[in-house]
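J.: Got a structure for you, written out below as structure tokens; questions coming shortly.
Please treat every number below as a calculation from the coordinates, not as lab data. Just so we're clear, the structure is a prediction, and the values are computed from it rather than from any experiment. We place every Cβ from the backbone using ideal geometry, glycine too, and count neighbours over all the protein chains shown.
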Amino acid sequence: MRIKTALNINNSKSLLNKVLSRKDLRWSALFVLGLLFFIIWNAIFLNDAAFSKWLSAIAQTYLLGLLSVILSLSFGWIFALGEELLFSENKFLNAGFYLFIDLLKSIPQIVIILLGYIPLFFYFDNSPLVQTLWLAFVLALSFANDVYEEISNRIAVSKNYGFYNAMLALGIKESRIINRDVLLLNSAPYLINRAVVIFASSVFLLTSADFIVSVGLAPQLTLSGLPATLGNILATATSKEDILAIREIFADPLYLKELLTTHLQGISAAFALVFTLISAYEISNGLVERKKLNA
Amino acid sequence: MKFSVEILLDDLRKIEIRNLEFENGKINFVFGESGVGKTLISQAALGLLDEKQFKIKINGETYSQYLSALGVSEMIKRSFYVFQEPSAHLSPVMKISEQLNEGKIKEPQEKAQIAKNIFPHLTKKEINRLFDVYPEPYRPSGGEKQRVLNLMAFFAMDKLSFSTAWNSLFVFDEPTGHLDVPLRNAVLSELVRIFVKDKPTVVFITHDYSIVSFIGGKFPDLKDFFNYSEIYADGETLAQRKFLPDEYLKWISSVELLKTKPRKTVLKIKKRIEVYGKTLAFLNENKTETDAVLREGEIIYVKAPSGTGKTTLAKILLGLESANFEAEIDGIKLNGKTSTRVYKKLIYGKRLAIAFQHADEALNQNATVREIFEALENIDSGSLRKSFELLFGEPLENFSGKKIKNLSGGQKQKINVLRALSVNAKVTILDEPLNGMDLESVKRTILLLQNHIKNGNSIILISHNEDVFDKIIPNKIYLKEV
């Protein structure tokens, strides 16, 4: 095919048009703008102490989500590459690897995370960095199998393309073929999609686990001593009252004003969680549709 | 017939050609690199493209205006398109015989004769048995399906009368790509035999220039009914130019044997190979079984009819197909039990390299040209640049940022061949290296092969293109199922 650099066509498409026409980009932009709007709104209407706690909870939850994405992608990549290039060479190593993967698969994710809290209470010092990294590690471990399966699947699919064997037969290192040609050049949308899903799932699981372990604690405390997450905030009595206040709208619609100005702590924590999940769902769907990814 | 066609594929890619001309009442052979857009243009002319998928303009009109014009709609009714990939045309839910019967023909005997002419090795009973199947999934073979599709076109052409033939268009898009030379010639002969009856307009798209030798030699009296042209990239658009068969014939008669200085033996394959329950044997020029031997600085041409297993042989040597065989390459013994670790450590890229037949599959479509060559270890970048310029007539820098998927089929194939040769393995296997190339590229590739063996490297060459390779390679070996 001849390529015509149709500059006139290309130029007419502004960045804004591009963002608006692509669902994944549109929702990414909406997520960022929505988050900024929440922050400004809460800065105006929440009292200083509650606002700073809410902001810190958002930051801590997202930080753990991001670290979980980075670590789980790394674990999945190490497992898949190890399986492909290393473990299969030694039957004991191979058996050990599959035993580990089967074990990881068989334990529900929420259980892995709750088990991960135990060392936080008993063994670690109070260093927030070590504790945050440990929690991110536990979260990532619970998602590592998903990434490992995604990467293994991509390698298996790519082996059916001629270029894999063609490159191998030219003496090109298999690790290079997998890392560059299979993953970077042919699987990036799949991995980005997986990263979005892991981020949202991490936020949700972390919030759920923190909610469970925080029930009954004084509002200013967390069990681990780490900064509060959305789960800690939602577990407080004030937040629950805020959320229960939603029912008042059905009796008096004008109560909405009160809800959005005086019951903000619980409402905004719950809304941030739901908004994150919906945005991730739409971004992922948009990416799947646009890049025509296989399920 | 004259067409000016503009097809907008997406925001950035566009195929455009002005005044594409097919002479009425002639067989128009259209050559050119594969992938430049010949197929899409001809499919557009016959109304086979989806207007929802592409934005199309023909002769200044929108696609629906063009298709609804009286002359065009009448022409399309009487026309036929032979697809390059026959499975795209054959219905998987109808037996082949039922699909063939859809086109009525004047005389039933004539129908049987046409079938017999393009299936020369089969008896009438065998032909009927072949047609009594659904074309999915493994039977008939690619070559058989291609001939079935040609048969449909021949039946439709035979149905024409003098009064209807003038406004009909028969497009054959690479209709012999899956056939070996004798079968290709049988199809071509049949096409000419049926064509001369009512002389419809025929377009025969191909990159197989050796057709010129056959047609010129076999039908000298009909030369006025053959028109030859080439479609080529002219800047951002496509253009058509006359192709002079005499120039090709003059070139092919002047091509010389590649100069070889064979030294010590580098590869030896035992004379028999067992694969998938069948036995393949190497035969020498005297048709007696022999071991296949290749020496340093030598090129060997492996010849066999379609479907014998030439590509399979390459895969067996590379340990990509399991088979019972014995070979020795530069001191390393290979057989069906050689481990993958040995291949990865000692064979791939060092003693053996390959350019697989289909560049579309062999190259990562999302990689850039630079990335394709960067992946190779320890290559001499100076010599790569020289070879690239020899092959493309342009410096590597002009192409290095381009993605493979945006190149034409011929350009992809040249990169595929150059990548395999750049590795400088002791032996390089080239499987159909001229696939999709235009004549200029063919000439340049031959020069590249000459340089490669001059440096003491060896080549195993697999190809249907006997017209060229019989001329340039003295050392031949035949592969046969025994």
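J.: When the expected Rg is taken as 2.2 N^0.38 Å, what fraction or multiple of it is the alpha-carbon Rg of the protein assembly as shown?
T.: The reported ratio for this selection is 1.20.
J.: Right, something else. Set the Förster radius R0 to 56 Å, insert the Cβ-Cβ distance between A:VAL130 and B:SER189 as r into 1/(1 + (r/R0)^6), and round the FRET efficiency to 0.05.
T.: Numbers: r = 82 Å, r/R0 = 1.47.
E between A:VAL130 and B:SER189, to the nearest 0.05, is 0.10.
J.: Please report, in debye to the nearest 20, how large the charge dipole of the protein assembly as shown is about its Cα centre when each Lys and Arg carries +1 at its beta carbon and each Asp and Glu carries -1 there.
T.: Numbers: 91 positive and 82 negative charges, 396 e Å.
The calculation lands at about 1900 debye.
J.: Once R0 is set to 60 Å, what does the formula 1/(1 + (r/R0)^6) return for the Cβ-Cβ distance between B:LEU249 and A:PHE275, expressed as a FRET efficiency to the nearest 0.05?
T.: Once rounded, the FRET efficiency stands at 0.25.
J.: Also: On average, how many beta carbons from a partner chain sit within 10 Å of the beta carbon of a residue in B:353-366?
T.: Details: counts 4, 4, 3, 5, 1, 2, 3, 2, 7, 9, 6, 13, 4, 7.
The shielding value for this peptide is 5.
J.: If each of B:GLU21 and B:GLU85 carries a label point 7 Å out from its Cα toward its Cβ, how far apart are those two points in nm?
T.: 3.5
J.: Evaluate the Debye formula for region B:167-222 with equal point scatterers sitting on the alpha carbons, no solvent, and hand back log10 of I(q)/I(0) at q = 0.14, 0.15, 0.22 Å⁻¹, in q order, two decimals.
T.: -0.37, -0.43, -0.94
J.: Another question, if that's okay. How would A:TRP77, A:TRP27, B:TRP166 line up from fewest to most surrounding beta-carbon atoms within 10 angstrom? Display every interim value, and only then the final one.
T.: Values: A:TRP77 19, A:TRP27 23, B:TRP166 15.
Listed from fewest to most nearby Cβ atoms, that is B:TRP166, A:TRP77, A:TRP27.
J.: Two decimals, Cα atoms only, Kirkwood Rh: what is Rg/Rh over region A:50-108?
T.: Numbers: Rg = 17.5 Å, Rh = 13.9 Å.
Rg/Rh: 1.26.
J.: On to the next question. Can you tell me, using C-alpha contacts under 8 Å and at least 6 residues apart, the relative contact order of region B:265-481 as a whole percent? Display every interim value, and only then the final one.
T.: Numbers: 382 pairs, mean separation 70.2, N = 217.
Result for region B:265-481 is 32 percent.
J.: Considering amide H positions built from the backbone, and no H for Pro or chain starts, which residues 5 or more places from B:VAL82, or on another chain, come under 5 Å of its amide H?
T.: Distant-sequence amide H within range of B:VAL82: B:VAL171, B:PHE172, B:ASP173.
J.: Which length gain, in nm to one decimal place, applies between A:VAL32 and A:ARG176 when the Cα-Cα distance is subtracted from 0.36 nm times their residue separation? Mind dumping the intermediate values first?
T.: Details: separation 144, 0.36 × 144 = 51.84 nm, distance 3.54 nm.
So the chain would gain 48.3 nm between A:VAL32 and A:ARG176.
J.: Still on this structure, please answer the following. If you average 1/r over all unlike Cα pairs in region B:136-265 and invert the result, what Kirkwood radius do you get in angstrom?
T.: On the way: mean 1/r = 0.0582 Å⁻¹.
Taking the inverse mean of 1/r over all distinct Cα pairs, region B:136-265 comes out at 17.2 Å.
J.: A further question follows. Do you know the relative contact order of region A:121-280, to the nearest whole percent, from alpha carbon pairs under 8 angstrom that are 6+ apart?
T.: Numbers: 114 pairs, mean separation 32.4, N = 160.
That works out to 20 percent.
J.: Going by alpha carbons, how many degrees (0 to 90, nearest 10) lie between the helix axis of A:264-291 and the longest principal axis of chain A?
T.: 20
J.: Simple spin-label model, 7 Å along Cα-to-Cβ: A:ILE110 to B:GLU361 in nm?
T.: Rounded to a tenth, the inter-label distance reads 4.9 nm.
J.: If you average over every viewing direction, what projected area does the convex hull of the Cα atoms of chain B give, in nm²?
T.: Details: hull surface 94.7 nm².
Computed as one quarter of the Cα hull surface, the answer is 23.7 nm².
J.: Region B:265-481: Rg/Rh from Cα coordinates, Kirkwood Rh? Don't jump to the answer; show the numbers that get you there.
T.: Details: Rg = 16.9 Å, Rh = 17.7 Å.
For region B:265-481, the value is 0.96.
J.: Would you mind checking which residues have amide H under 5 Å from B:ASN28's amide H? H placed 1.01 Å from N; only 5 or more apart, or other chain.
T.: Close amide H contacts, sequence-distant or interchain: B:VAL202, B:VAL203, B:PHE204, B:ASN227.
J.: Given all pairs of different Cα atoms, what value in angstroms does the Kirkwood hydrodynamic radius of region B:2-254 take?
T.: Numbers: mean 1/r = 0.0525 Å⁻¹.
Computed over Cα pairs of region B:2-254, the Kirkwood hydrodynamic radius comes out at 19.0 Å.
J.: Using only the alpha carbons of region B:1-76, what is the convex hull's orientation-averaged projected area in square nanometres? If you can, show how the numbers build up before the last one.
T.: Numbers: hull surface 21.4 nm².
In nm², the orientation-averaged hull projection of region B:1-76 is 5.3.
J.: Give the dimensionless ratio obtained when the Cα radius of gyration of region B:387-482 is divided by 2.2 N^0.38 Å. Working shown, then result.
T.: On the way: Rg = 14.0 Å, N = 96, 2.2 N^0.38 = 12.5 Å.
Against the compact-globule rule of thumb, the ratio is 1.12.
J.: Which FRET efficiency value, to the nearest 0.05, do you get for A:ASN160 and A:LEU85 by plugging their Cβ-Cβ distance into 1/(1 + (r/R0)^6) with R0 = 22 Å? Don't skip to the end; give the middle numbers.
T.: On the way: r = 19 Å, r/R0 = 0.85.
Working from the Cβ atoms, E equals 0.75.
J.: Okay, moving on. Could you pull out which residues in region B:297-340 have an amide N less than 20 Å from a spot 7 Å beyond the Cα of B:ASN286, following the Cα-Cβ vector?
T.: What the label zone holds, given the 20 Å backbone N cut-off, is B:301, B:303.
J.: Now a separate question. Antiparallel DSSP bridges in the protein assembly as shown: what percent, to the nearest 5?
T.: On the way: 41 of 76 bridges.
About 55 percent, rounded to the nearest 5.
J.: Provide, in order from the shortest bin, the percent of all Cα-Cα pairs of region B:343-406 in each 5 Å bin, continuing until the bin that contains the maximum pair distance.
T.: P(r) over region B:343-406, rounded to whole percents: 4, 15, 20, 27, 22, 9, 3, 0.
J.: Follow-up question, since we're still on this one. Over all directions, what mean area does the Cα convex hull of chain A project, stated in square nanometres? Don't jump to the answer; show the numbers that get you there.
T.: Values: hull surface 85.5 nm².
Its average projected convex-hull area is 21.4 nm².
J.: Can you list, bin by bin at 5 Å, the percent of alpha carbon pairs in region A:228-267, starting at 0?
T.: 6, 28, 29, 18, 12, 6, 1
J.: Same structure, new question: Using only helices, what value at 222 nm comes out for chain A when you add -39,500 (n - 2.57) per DSSP H run of length 4 or more and divide by the total residues, to the nearest 500 deg cm²/dmol? Walk me through the numbers on the way to the answer.
T.: Values: 14 runs with 225 residues, N = 295.
Taken over chain A, the calculation gives -25500 deg cm²/dmol.
J.: Oh, and also: Kirkwood Rh over alpha-carbon pairs of region A:157-295, then Stokes-Einstein at 37 °C and 0.692 mPa s: what D in µm² s⁻¹, rounded to an integer? Write out the running numbers ahead of the final one.
T.: Details: Rh = 18.7 Å.
Roughly 176 µm²/s, to the nearest whole number.
J.: What does DSSP give for region B:265-481 in terms of the percent of beta bridges that are antiparallel, rounded to the nearest 5? Don't jump to the answer; show the numbers that get you there.
T.: Numbers: 22 of 39 bridges.
If we restrict to bridges inside region B:265-481, about 55 percent are antiparallel.
J.: Give me the distance in nm between label points sitting 7 Å out from Cα along the Cα-to-Cβ direction at A:TYR255 and A:ILE101, one decimal.
T.: Going from the A:TYR255 label point to the A:ILE101 one covers 5.4 nm.
J.: What is chain B's relative contact order, in percent, from Cα pairs under 8 angstrom and six or more apart in sequence? Let's see the in-between values first.
T.: Values: 852 pairs, mean separation 87.4, N = 482.
Reported as a whole number, the value is 18 percent.
J.: Between B:TRP166 and B:GLU110, what length comes free when the chain is fully extended (0.36 nm per residue of separation minus the Cα-Cα distance, one decimal in nm)?
T.: Details: separation 56, 0.36 × 56 = 20.16 nm, distance 2.20 nm.
Value of the extension gain: 18.0 nm.
J.: On to the next question. I'd like the orientation of helix A:48-85 relative to chain A: the angle between its Cα long axis and the longest Cα principal axis, in ° from 0 to 90, rounded to 10.
T.: 20
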